[in-house]
Every structure is written in C-alpha cells, then in structure tokens.
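Some notes on the structure that comes next.
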Amino acid sequence: MSKSIEYVKKELPHEIKTIGYVLLITGFIIVILGYMTDITRSLYNNIIGFTFLVSIGVGSLFFVSLEYIAGAVWSTPFRRIIEFLSSIIVILPLIVLPLLLNVNTIFGWTHPADSLMKAKAPYLNINFFIVRVIVFWLFWVGFYFLIMKNSVKQDRTKDQFLTKANIKLAGIFMPVFAVTISLAAIDWLMSLAPKWFSTIFGVYYFSGTVLAALATGTIFIVLLNERGYLTSGLKRDHYYSLGALLFAFINFWAYIAFSQFLLIWYGNLPEETVWFLARWHGDWKLFSIGLLVIHFVVPYFGLLSQPSKMNPKTLLIMSCWILFAHYIDLYWLVMPNFYKEGIIFGWIELGFPILIAGIIILVFYYRASRTNLVAIGDPKLERGVDFRL
Amino acid sequence: MDSVDYTVEIPVIEGKTTLGEFDELISRPTITNPDRKYYIALSISLSMLGLGVIGLTLTFYYGIGMWGNNIPVAWAFDITNFVFWVGIGHAGTLISAILFLLRQKWRTGISRFAEGMTIFAVMTAGIFPIIHLGRPWLAGYLFPYPNQHALWVNFTSPLVWDVFAVSTYFTVSLIFWYVGLIPDLAVLRERTVNKIKKIIYSIFSLGWRFSNRHWQHYDMVYLILAGFATPLVLSVHTIVSFDFAVSILPGWHSTIFPPYFVAGAVFSGFAIVQNVLILVRKIFNYEHIITLNTLERMNKVILLTGSMVAYSYLMEMFIAWYSGIQPERFVFINRALGPYAIEFWIMVSCNVLFPQLFWFKKIRRSIKMMFAIGIFVNVGMWMERFVIIVTSLSRDFLPSSWHHFTPTWVDFSILIGSFGFFFTWLLLFTKALPVVSIAEVKAVVKGSQPTHGIHS
Amino acid sequence: MMSNKTVYSYTGIFETPNQIVEAAERAVKEGFTKYDVNTPYPLHGMDRAMKLPPSKLGYVALIFGLSAALATALVLGWMSAIDYPLVVGGKPLFSFPAYVPVMFEVTVLTASIATVVAMLFFFFKLPNIGHPLHGTEYMKKVSSDKYGISIKVNDPILILPNNLFDESKVVKFLESVGAKDITPVYWDEEEINYQNKILDPKFMAFLVAVAIITCAVTYFSLNVLMNITPFNWMVEQQKLSAQQNSNVFKNNSGMLAPIPGTVDRNSMPYQYTGQPDSAGKILINPIPVSSESLRKGQIKFDIYCSPCHGFYGNGSSRLNGQFPNPPTLHSDKIRNWTDARIFAVITDGQNVMPSYSSQLTVDERWTVINYLRSLQRAFNAKESDVQ
C-alpha cells in the first residue's frame, strides 16, 4: 500500500499573472477615482470589500484548521490550495487602512448622542475599535504563519510531528476564530446600525464566511485539477464532498438568515424591526427577495442532485454564483445604512470587486510559484488520494 | 502518550471477528433469557416509572396545582423536561443521519442503539406537552382537524409548530429506524428456530432477501432519509427554541436561540448516548464493535458542541450588555447572582468547564473520566433549560409581578418517572431487537468490501 | 427428470467479495438478465458490475416533497386567511414566515413516507413472504457471511423449446466463475403462481377491516367516551332543568303552574276583554307623540302589523291573496276611533286578527298607535300639512 504520490510541480501560466495585474490596476484606479468622487460611498464599498476578503482569507484558514482538528483525509490532497487563499490575511491591512482613517465618517457611534449610545461607549469607541482590529489581525496572521510554516516544512521533512503541531495550533485557533470573527462582524457590520443588535449576527457572518471560502477554494481546485496541475488527481468522490459541503452550508446560511428574520418579525419590537424595515423600504424590498433567490433558491436546486455535486463544470459555475451571492449578502448588510431609498449601483460599486479579484489571483499566483500545489509531505495524503465515498 | 501514525486509518471494528460470528454475537441477547442483573435493572427503572405514574395520577386528578407552577412562572419543570428529552433524542438522529452523510464509518457500531434512544427519548418528551395542559384529554384540539367549533389551530403559534415538529420527528425517526432494521430482522428470521419468533420476524422483515437489486434502492432511500432527517433534527429543536425566542421576554427573545439550542441538544444527547454505550459495551461484550476510538470521537463531538454552547453563553451576555437595555442586562446579572444563582453556576461549570477537559487525550480515552463528564453534562444541560425558563419568568419587566418558583415532590416524581419510562423502553429494546446494526457493521469490517473495480 | 417440483433458479455461493463482483461482471457479459446477487450487506461497486440503472427513488422524494410544501402553504393560508380569519398578535392574516416551520415539517414527513412506501411496496413488491428463496440453505448463507448469485431458469438465454431450460449451460457458467454449492431452488406448491398485487383481495379486505375498525373506534371515543364526565362539557349539571323530575314538589315534578290569579310582574291586568268599546272610552294613550315614539312605533308596526295591513296600513300587504285581506286602516271608521279603541283591537284581536298582547308590550302598542295616526294623517293630508 505504499505507492508514492508523484507530484510534478508545474508552473502556472503567465497569463494568470497578467490577468491578475490588469484586474488589480483597473480596480485600484476605479477605487481611487471613487474616493475622489464620493468618499462616503466609497468607504461603504470599502467595508464590503474588506469583509469579503476577511471571509475568504480567515475562512480559508478556518478550513485548514478544521481539516487538522477533524482528522479528515479527503481534503488533504487540495489543502495547500486553501492555504494559499488564507494568505489573503497578510494583505488585509492595506484594505482596512482607508477605513481606519475615516472611522468618524462611517460609524454613527463615534458621536454618541443619547444615553443609550453612551451606555455602549465602553465597547464602541474609536480607540478600543482600532485596538480590536489590530489585535484580531495579529491573531489571524500569527496563526496563519505558524500553521503555514509547518505545512510547507512538511513538504521537505515529511515529519509527522508537524501534523501533530498543526493539530494543536488548530485546536487553539478554533475558539480564537469563533470570538474574533464574531466580534469583527459586530464591529464592521452590526455597529453600522449601532442601536440594533442580534445575538446570532456572528453566526450569520460565519455562515457566509464558510461559503465564501469554500466557493473560492472550489473554483481554484476545479480549475487546477481539470488542467492537471494537481497530479495526485482528484476524483469524483472529492468533488462530491466539496459539492455536498457547499450544499450543506447554503442550507445553513438560509437557516440562520431565516431564524434571525422570523424571531425579529414575530416579536415585532420596534428597536429590532427597524433594521429589517430599512431593508424592505423602496428598492430594498426587491433586493431582499432577490437575495433569498440568489443566495438560497438557485444554489439549492443547482446542487440538489447527486450528479450535480460531482460534476466539475457545475461546481465551478455554482461556486462563482455563490461568491457573487456572498458579495450581494454583504452589500445588503452594509448599503441600506448609507442609502435608505434603494439600491445604489454605479461604476463606484465595481471598483472593489475588480480589485479583489485581482488581489486573489495575484496572491494565489505568487504563493503557487514558490510552494508546491499539493502538500506532498502530509502523512494523510495517500489516504486522501485513495478516498472513496 | 503513544504517537499516532497519520498514514494509517484507524480501524472501525477491532479484532478478527468473522462475519458469521457477528450474527451470533449481536443476536445473542435476543435469544438468551434475561439474567438477574437484567431483572434488577428492569425493576429499578419500573419503580422509577411507577413513581412517575403516581405523580401523574395525582396531577390528572387534582390539577396542575400539585406542581410548583405559579404566575408568572407558568412553565417550570414541565417544559424543562420536555426540552431536555427532545434534546436527548437529537443525538441518535445525528449519529445515524448526519454522520452517515459525512461518511463517518465509526457510526456503524452505535447507530442502531442511538436511533432507538432517539425514539424512546421523543416518546418521553411527548408526554410533557400533554400533561402540562389543564385539561389533557383535550390534547386532540392541537391538531387541525375539521370541526364544528368554527376554529382552526393558530398556525402562527410555535406551540402548534411543536406539535407538527415532534410528531414528524417521531414518525420519520421510527421509519428510519425500521428501514435499518429490515435486513437485521431478516438475519434473525434465518437464524431463529422458535416458531413464533420466526413468524414475527418474517412479517416484520417483509420477506427481505438480501438481493442487490434491492440493496441499490435501499441505499438510495437510506441516503434520502438521512438527507431529510438531518434538516429535520435541526428544525425540531429550532422550533422548540422558537417556543421561547418568539416571545419578547428578556432572556428568551434572542436570535441565537435556534443554533444554540440545537448545539445544546446534540451536546446533552451525545453525553447520554456515550454513558449508555459504556454500559452496553461492557454488559454485552461489544468492546471491539463499540471501540474506545468510537467513544473518543464521541467525546470530541461533546467538546465541539460544548464549545458552541459556551460561545452562545458568551455572545448572549455580551450582546445583552451591548444592547444597553436595562432589563436585558439585568437578566444575566439576575442569573448569576439572583435566587437561582446555584443552578446557574452548576450549569456553567458542568457545561463550560468540565467538557473542556476533553481537549486532553488522556481524559478523552479514560472510561471513568468520560462517564463522569457525561453525567455532569446532562446535569448541566437540564440546569440550563431550568435556568432559562424559570429565571426569565420569575423576574421579568415588572418587579411587582416577580414570584419565586419552588418545585414540589410531584414535580420531582414526574422527572424521575420520565427517566424510568425511558430506561424501561431501552431495557426492553436490548432484549427484543439487535442493538447493533448487523448489516452496517459487516460492511465496514476490514476485508468486507471488494478491492478491485472501484476506480471511478 | 425431477418430481412434481418446478425449478425456480440455480444458485451458487462465493467466499470473497472480489469473487462475487467478478461473477456479476461475467454474468452481464454472458448475457444473463434474470439473475440476482444476494449479499449480507451492500458491496461497493456491485451496482456498477451489474450495470444497474440509477435508482429513481430520488424523484419520488422530490415530487412528493415539493407538492407537500405547496399544498401546505395553500391549506394553511386558506385556514388562516379565508376560512376563519383571526388577527393574532397583530400579524397579517396570511403570514408566510409563520407557515414555513409547518411547511417544512409536512414536506419532510410526506417525502419520507412516500419514498419508503414507494420503495417497499412498489419497487420491491414487498411484503413477499412466499418467495422461493426463503427457507433455503442458500438464504441462510447469504444472510450471514457468504455471497451468492441466483440465476432464474426462465432467463432468455437458457430457454429451450418445450418449456425446458438449459441446465448444463447455467451449471457450467456457475462453475466457470468459481461458485461453490451449486444447487437448484424449487418453487413451493402454493407459491408458484403467487402474484403480489396491491389490489390483492386479502389486502383489500384488510384495508376495509382497518377502515371499519377505525370508524368504530372513532365513533366510540367521540360519541360515547367523550360524553363521560369530565369530557362532556359540563353537560350534566346539578341544577334543576326545566321539565326535570325532582322531589321538590309533589308528583315528582320540579315545576308548578302559577297559582290562579298570579299577575306578571311589570304588567297591569287588562280588564276590558270582550268590551272594546268600553276600553275605547276609558283608556287614554299615555305615550306622548314625539319623533322618538314615532320611530319606535314604525319599527314595531313594520314588524308586526305590516304583514297583513301593509307598510302603509292600506291593506296592500305581502299576504295578499294568501290570507283574508284586512280593510284599510285609513277608513273614516278607524280614523274616528279613539286610540284606546284601537288598543283594544290590538290587545284582544278582532275577527281573523289574533291578539298581539304577547308580541307587543303595553307601551309598544301605544307607540304603534301613534305611528298609525301619523300614517292616517299622511294618507288624508290636507294642503296645510304640506307647508
């Protein structure tokens, strides 16, 4: 049973680098122009972009940790791809910088007016806010470096102790992740409406995070596997597991979203319903219904059947769709605080998506050029490649 | 400790039992007569049940006044027990359905038993919504049948949703359990020499003949049932949580209740299943089928769900403070320092502290420690439901309406009776049906599957 | 060749999973179609080896699930918004979010039951306790630890003329794939023409019996059991109902007739029965004419007098032709009667007209008379009234 996995490191085509740069620069220019034109609107788009990248970056790190701590084998052959995506964590400071410089403009709690706002001031104040942003990022980047280092080192040494070390790191990271991702969601998304609160909000953002990370990972995995870059070769069984996870988390997102909605609708308390009413006002009504269709109905039926979960083309399309849906979700969370009458869409809104696409491609490209695409030293690799349902 | 080799798969079934020996081993309890230990266990559970029957009779005859319930604490032990038992039922479905969907082979040794526990737990739970009515003989009114009262049930009420959820859950679990039993009943049919038993097994195995043309559809249906049972189990405890969360009571109206309750249900359910399995594997000598690795994995699930419960506690407390609303903040101060502080702190230590010990491999693999932690978890989870229900009700918005709740001996007798009810069914089950799924276990034994021809 | 027994199939036993998978692949290659593989648990890859088409049970679940969801939403909406609409908690009558939990549960329940029923009764045609393989040594082995293949003798490639089958071909095939214990399996006498139909008379009879028993039990519980205290809605009470026996009074009666001469409360005895003219001379209308009294009088007149006298008192009424027509009330004779004379007619009746003393109280009669007077004035209006 000891057949060695042959891995031939293939260079990713240079066109990818070109595409990445084109997107990056185009996006960057649009963003700069946007800031020069309408700062507040750009800032809100910035928040969407930032939380979107956090989802993918930190979500990917979550997945890597999950594999270690659960002892899963089916994901080992492509874990390295997810690790590359978690590198996004490193460049997060660049995206958050404009936000930190303009906290006063974005957040209403920077000017607490009444006693209710003052009661929240111990948490919602600029200093503590910035400290949190920095500390959370330090946690994320710290765990990223440690886990990544061990995983890459294992390529050379094939030392099983490194797996054990990563399992320990993953175990510590999990509670850290739970707290930091929830508070990040509360800080960046929930406090945009500072008088509103919902205990499930952290879980809501988490469900979107998992989906975004999974979807992005699936896109890269399918594209690379179908073109033979993962010479260990993933089979239908691996695709099915990815598809099943995507399907499961689509349902989970819908469950969390519906729970939040139903309880607030049912209780009918004005301090809570105001948030949903804002998203039912004017154009936002159509958008809310659209979100349900885009984020739940379409992917649900798209990934329901067994064959669809195994088909790489379907997985690719559905993953792109789900990423789009996640962006829409974040837009729905953020924008109604800014523009109350309805959907606002113009060239400014395109800036960050294009920029982000460029960032993801380039980050991945540069990591892939220096590191193996498959974790060839991982002891579970052989079992992972042999994985059958 | 010993270092693990990650290149090797941990065997699900240990030892070198042959397929035929499995038949003998698993069907033995259904063939042999019960021994003295069995009768002792049964008499204990029957006495507990008897105590509950006394309590119930008094309740029916004299009314709910026999309990400690008052206004404003109109729900106390009754609903605490209801949520507790429904929660315990969830572990079984999770093991059968969710672990099946996740392709975790280690579930095969424990799924039959766990599903049986689900059914008995749901039956026990179903008693409480009926007995807590002032006029339980009118319980049929909860169903929307055409009637002459010119009135339908109120479909916007979570209590009605409960009716649908719990009955659906019971029915689907029963069907799922039965579908899994069909091949095993056929095995018993082939082995038995007792004429009456042969007739019974023949009828209930429906004439199953192990044909692969049937296995193909059977596998698909099992997958579909598992695929349905998974969201079903999540929905049932979600709907139970809605009983509280749709209100506007501080401490109850919290959007995180649905996943929080589901995690808590799996948490307490796994703890009881783990406890009972420790006893079962010892008594029936199934240690190589219900292995220590299986128990360790269950403890990991207990650790995971316990952490989710701990997260929910923290998030609730934080957001209660964050909301700035004084009654919300008061709820948690009251829980920690008020008249039910003892119950609160028992809950926190049992649910948050003790399960975290499972980070340590030594504790995860120690039978004595895990058994003790399992019991603590159950105590803690019962306390959690009690704390949520009673503290929020006894002290809500208007201090002039505050009132303390004290349980009566009838409350306790019904609680003890519910355990008696549950364990009686469980004991009868172990003698009547195979407690391990014979066909599923055989399918995961080393060497039981073909090695060629499986390239996709 | 053999006795009266007919052969059903030839069976062979295999020891390892690999062997049986190979055997199945060979069977497909040889062209066998009416064969089956029996294993104690499902083997991976066996479906592919037998080239079985994928199971269609998923569609059953999908169709039943979607229909159940839609039906539940409609039924719940109809119950809450159309049939007996009640505003609960200030929510709209058709509150879709509130229906979602019940929709979900009913969907899962329906789809699960439908799929399992479809599998067992339609796909498997179970229960089938009479299958020839039951009770054989073969079945004992394949239910426990061996793997088996069973080739039906009516497989097209085995059929020979004269209803015979090619025994040597099937035995040779089984030997060539390495089967052990190659034995024929025979039909039981009773089973040979067994057809498991849904419309089996015994099954139908069973269903009918279940229906009858259910009806009887329902009837008994709802109409007999539920009439026992405390289920019976306080139907039986301690108080004395009208006409009920009791030992309060003699003759076991709980009621007595009023003593002769008892007078109703709030009433004065009418002394002028049979003497309408005297009443007309002595009594006086105590109700002053006012718009209030006229309004009340009109209501009562319309109810009690108009059927015969018409709404205008001129005798053109809805009982025309069905009942003797009263003379118009606007004749000089009646206009010249005193109020009290009319009162006497209403109280005692006259000719065909019955007494209305039980329908109209004393005061109501006077207000009716006031109204009548206004009608009479209207019918005989003078020019001065119009101004």
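Here, each number is a calculation from the coordinates, and none is a lab measurement. This structure is a prediction, so every number in the text was calculated from the model and none was measured. We place every Cβ from the backbone using ideal geometry, glycine too, and count neighbours over all the protein chains shown.
Here are the numbers for the structure shown:
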| quantity | calculated |
| --- | --- |
| Tilt relative to chain A, helix A:347-370 - C-alpha long axis, 0 to 90 degrees, to 10 | 20 degrees |
| Cα centroid separation, region C:266-311 to region B:104-128 (Å) | 82 Å |
| Cβ-placed point charges (K, R +1; D, E -1), dipole of region A:14-385 about Cα centre in debye, nearest 20 | 900 debye |
| Average other protein chain Cβ within 10 Å of Cβ, residues B:251-264 | 5 |
| Residue mean of other protein chain beta carbons inside 10 Å, C:121-129 | 5 |
| Segments A:326-333, A:278-285 sorted - mean Cβ within 10 Å per residue, highest first | A:326-333, A:278-285 |
| Region B:285-311 and region A:211-245: distance between their alpha carbon centers, rounded to Å | 30 Å |
| Under the Karplus curve 6.51 cos²θ - 1.76 cosθ + 1.60, θ = phi - 60°, whole-Hz ³J(HN,Hα) for region C:343-355, x wherever Gly or Pro sits | 4, 5, 5, 5, 5, 9, x, 7, 6, 7, 6, x, 6 |
| Size of electric dipole in region A:242-389: Cβ of Lys, Arg +1 and of Asp, Glu -1, about Cα centre, debye, nearest 20 | 480 debye |
| Qualifying lysines (Cα of each under 19 Å from Cα of A:K195; at least 8 residues distant if same chain) | A:K118, A:K120, A:K340 |
| Sorted peptide list for C:337-343, A:200-206, criterion being average Cβ within 10 angstrom, highest first | A:200-206, C:337-343 |
| Lysines whose Cα lies under 25 Å from that of B:K37, excluding same-chain neighbours fewer than 8 positions away | B:K197, B:K282, B:K368, B:K431 |
| Qualifying trypsin sites (Lys or Arg not before Pro) in region C:6-53, DSSP loop, other Cβ atoms within 10 Å at most 15 | C:K34, C:K51 |
| Note, ³J(HN,Hα) from phi for region C:172-183, Karplus 6.51, -1.76, 1.60, rounded to Hz, x at Gly and Pro | 4, 4, 5, 5, 5, 8, x, 6, 9, 6, 6, 10 |
| Span per principal axis, largest first, for the Cα atoms of the protein assembly as shown (Å) | 131, 100, 65 |
| Selection from C:F32, C:S168, C:S112, by position along the positive dipole direction of region C:1-194 (Cβ) | C:S112 |
| Sequence of C:E25, C:E383, C:E292 once ranked by neighbouring C-beta atoms within 10 Å, starting from the fewest | C:E383, C:E292, C:E25 |
| Relative packing of peptides A:214-224, B:199-209 - highest average C-beta neighbours within 10 Å first | A:214-224, B:199-209 |
| Tilt relative to chain A, helix A:88-101 - C-alpha long axis, 0 to 90 degrees, to 10 | 10 degrees |
| Reach of B:K16 by Cα under 16 Å, taken over lysines that are not fewer than 8 positions away in the same chain | B:K442, B:K446 |
| Helix axis angle, A:236-267 relative to chain A longest principal axis, alpha carbon, degrees | 20 degrees |
| Cα centroid of region A:103-140 to Cα centroid of region A:152-178, whole Å | 34 Å |
| Neighbour net charge for B:S43 - beta-carbon separation under 12 angstrom, K R +1, D E -1 | +2 |
| Average beta-carbon neighbours from other chains, 10 Å sphere, peptide B:321-328 | 6 |
